[in-house]
Amino acid sequence: MDEELTGGYSEICGQCGEVDWGVSDEGRFYCRSCHNVIERTKEVVDTNTFMIGASRVSSISKGTRRKKLEQGREWMVCEGFQFILKHQAEALLAMGVCPQFKDDVLCQFWRMYLQKSRQAYTKNPVHDGKFRLRSQGSGESDSAPESSVMSDSMTSASETDGDGDWASGGGSVSDYTSDGASSVCSGSIDAVSYLTPRQRRSQGLMSMPKTLALCHLALLWAREAITLADLLRFVNEGHIPYVNAYEDFPEEMKLYGRDSLIFRVESIPSYSHLHKEAQTLAVFLELPLFPPITLDCLLHPSLLSLRYLTEANLPDELHDWVCRIMEKAGMESSVTFEPMRSNSLLPHYDVQAAALIIIAMKLLFKLDDHTEWDLSNDASDKNKENPDVNSFNLRRWYRTMQTALTTAVRRQQDNIARKHWKAQKPLYTSKKDKSVVLKRRRIAEQLQLSFQKLSGSPVPPPSSPPSSFCFRWSEEGEEVWDGPSLHHQTLDSSVRQRGASLQPSNPKYWHPALKACKPRFCKSHYAEVEVTLPRMYVWLLNLFSFLMGVKPGCVYEEVLKVERHFLGSSKSQPRARATPRKTQPKKLPKRKQTRKTCSR
C-alpha cells in the first residue's frame, strides 16, 4: 500500500541511508526506519470536469505540496453518544439480555433524554439558529409532540426502526445551515457549546458515565438479572464498550480537539458514583413507576441472596434464615422504584442481598471474634465423632475463602496492570499536533516490537467469557478450581431445636448504633467505627465489598439499614447488644435487658 502512495520514490534517506518510505495521514513522506520526515508530500490531482455543448473539457491542476484535509461529515455530540449506547446495548444482547431491551426500553429512554434536554423531539431546540432539526425520514422541521415519544407503560415501540434508528442520529438529524463545516476547535459541530460552564452545571449534560447509568436504568426496567455491580465488572473486563468506545465511530466522524474532553475515558466510575448518576438521570427523565421486582424476578433479594450464597461458598441452609430475616424486616414483598416520589431512592439490590446474608451470619455465629470460633470447635468435634454429619465449620470456610480471596485480588491487580488505556485511534487536541502525536505513536510501537523480539513474545492471558461469578467451587470428583464446595454442609452446630422451629444457639445479637443520620449533613461513619468492630465482621464486609466492587462502608451502611427494619419489626427477636461482649460496659442492676440503640 505504501509503495502505491509513494509513487516509486526511491531516494536514499539522508539520516540512515535506507530506502523505506511511507506516507503519513497528512500526506508527508517519512522514513519508516528512522522516522525522519522530509519536505516531499504526496501529489494530489484535482480534476475539474464540466460539459460545454457536446464537448467535455477536463483540466488537471499541478501537483500540490499539501494534502487536502478530509473534514468528514458534520455530526453532533449526541450522535456520538448514540453510537456508544448502540454498541453497549448490542454487547448486553450478546450476553443474553432479552431482545426487547434495546429497542423497546433503552431506545425509548434515549429518546426521552433527547426530548428533555431539548436536543430533539421538541419545537424549541436548545441550539441556536445555525441548527435546524428535522424528523427522521421527512423534510419537515416540526418534531414529534412530546407526548408521543414514550407512553407511561413503556410497552410499545411503534416509532422504533431497529438499528437504522440508532445509526441515524437519534431519530432526529441536525442540519448545519451555515457554510462552515465542523468547529475549528473540534471534530463535532457543537462541542464548544457543549462544554460551556452553563452546560456543565446542567443536570441534562450527557457524559460517558451517564451512558452506563442509562443502561442500568433500562436493565432495571426490563427486570434483567444484571446488577449494577455486574455492569461495572463487565466494563472493567472489556465486555461492554466504554474505554476508547469512540473507536467504533464511523470513519466519517472525525474526533479531535474538545471532543477528547467529552469522549476520552481515563478511569472506570465507581459503584456509588454510577448509582448517584442513575438516580439523578431517572429524576431528570421524569420516569414513571418502575415495574415491581417480585419474588419470581432474579433481582429480588430472595433469589439474589441465593446467588451470593453460592458465590461466597456458604451452606444452602443459610438461605432459609435469610428468608426469615426478610419476612421479619418486611422485605419479602415486591420492591420497586418511583423516581418522582420525593423520598424514593434507587435500591441497591445487590448490596441489599449481601446485607441480608451478613445479618444471617451474625444471627447464627454472632461474629464477635469469640463465639464463631467456639461454634467451629463444636462443629469440628461433631465431624470427628460422626463423619457423615458434615457440619459447617466456619474456621475451615474462612481459610478456604481467604486463600481464594487473596488469589482473586492478585489476579485483579494483574489485570488492571495489563489493561491498555491507549487507543488505536489516538485523539489529538489540535490539527497541528496530529503529526507529532502520530510520530510518537509510531516510535512507541517500534520500540515495543523491538523489546518483544528481544524478550520473546509474551503469552497473552486467556480471554474468559463474561460471568457474574468471581469464584468457582468444585464438587467431589471435579477439577479443583478455587476450593472445595461447602454448599451441602449443615448448620446443626449453630442452631437448636426449640419447640417446633429451629432457633439460633446464640441467644443474643449485637449491632452498632442504629440511629439514622441525615444524608444531606452526614455521610458514612464506617471509617470512624471500623477499629471498634470485631475483625471477623470487618473481614466479612471486605469479602462482599470485593465481590460487588464497592467500598466496605457501602456494605456496612446497608447492613445498618436492614437491621433497623429487622430489629424494629418484632419484639420476639434475640436480645440485642449495642456492641460485642468484649467491649460491653458494665450494666446497672436495675436496667431492663431490652434492645439498645445508640446515637452517633
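The values are calculated or read from the model by the stated rules, or taken from the named source; none is laboratory data. Being a predicted model, the structure only gives us computed values, none of them experimental. For neighbour counting, all protein chains shown are included, and Cβ atoms are generated from backbone atoms with ideal geometry for every residue, glycine included. Keep in mind that these areas ignore ligands, DNA and RNA; they rest on the heavy atoms of the full protein, side chains included. Shrake-Rupley method; radii C 1.70, N 1.55, O 1.52, S 1.80 Å.
If you plug the beta carbon distance of Asp388 and Lys508 into 1/(1 + (r/R0)^6) with R0 = 35 Å, you get a FRET efficiency near 0.65.
Counting only protein heavy atoms and using a 1.4 Å probe, the accessible area of Met340 comes to about 100 Å². Note on Lys425 and Lys515: with the Förster distance fixed at 51 Å, the Cβ-Cβ geometry gives a FRET efficiency of about 0.45. Could you look at the stretch 339-379 and say what percent of its accessible area is carbon and sulfur, using a 1.4 Å probe and all protein chains? Carbon and sulfur: 49 percent of the exposed surface of the stretch 339-379. Report, in listed order, any pair from Lys102/Lys328; Lys102/Lys425; Lys210/Lys523; Lys419/Lys453; Lys86/Lys254; Lys210/Lys422 with a Cα-Cα distance greater than 29 Å. Check vs 29 Å cut-off fails for Lys102/Lys328. Extension gain, Thr407-His273: 0.36 nm per intervening residue step, less the Cα-Cα distance, totals 45.5 nm.
Cα gyration tensor of the stretch 526-569, axes a ≥ b ≥ c as square roots of the eigenvalues: rounded (a/c below 1.5), prolate (a/b > b/c) or oblate? The shape class here is oblate. Amide H contacts of Tyr509 (H built 1.01 Å from N, in plane; Pro and chain starts excluded): Arg575, Ala576, Arg577 sit under 5 Å, all sequence-distant by 5 or more or on other chains. With all protein chains in place and a 1.4 Å probe, the accessible surface of the stretch 485-562 carries 59 percent carbon and sulfur. You can think of it this way: the chain between Phe546 and Ile38 has 177.4 nm of extra reach, that is 0.36 nm per residue less the Cα-Cα gap.
Across the stretch 347-354, computed HN-Hα scalar couplings (Karplus, 6.51 cos²θ - 1.76 cosθ + 1.60, θ = phi - 60°) run x, 8, 4, 6, 5, 5, 5, 5 Hz from first to last residue, x flagging Gly and Pro. The calculated pair-distance distribution of the stretch 344-436 uses every alpha carbon pair, bins of 5 angstrom beginning at 0, and gives 2, 10, 9, 12, 12, 11, 9, 8, 6, 5, 4, 3, 3, 2, 2, 0, 0 percent.
Over the stretch 340-426, accessible surface divided per residue gives 53 Å², non-protein components excluded, 1.4 Å probe. Carbon-plus-sulfur accessible fraction, the stretch 189-294 (probe radius 1.4 Å, protein heavy atoms only): 49%. So who's got an amide H within less than 5 Å of the one on Ser474, skipping anything under 5 residues away but keeping other chains? H placed 1.01 Å off N, in plane. Residues meeting the amide H criterion: Trp481, Asp482, Gly483, Ser485.
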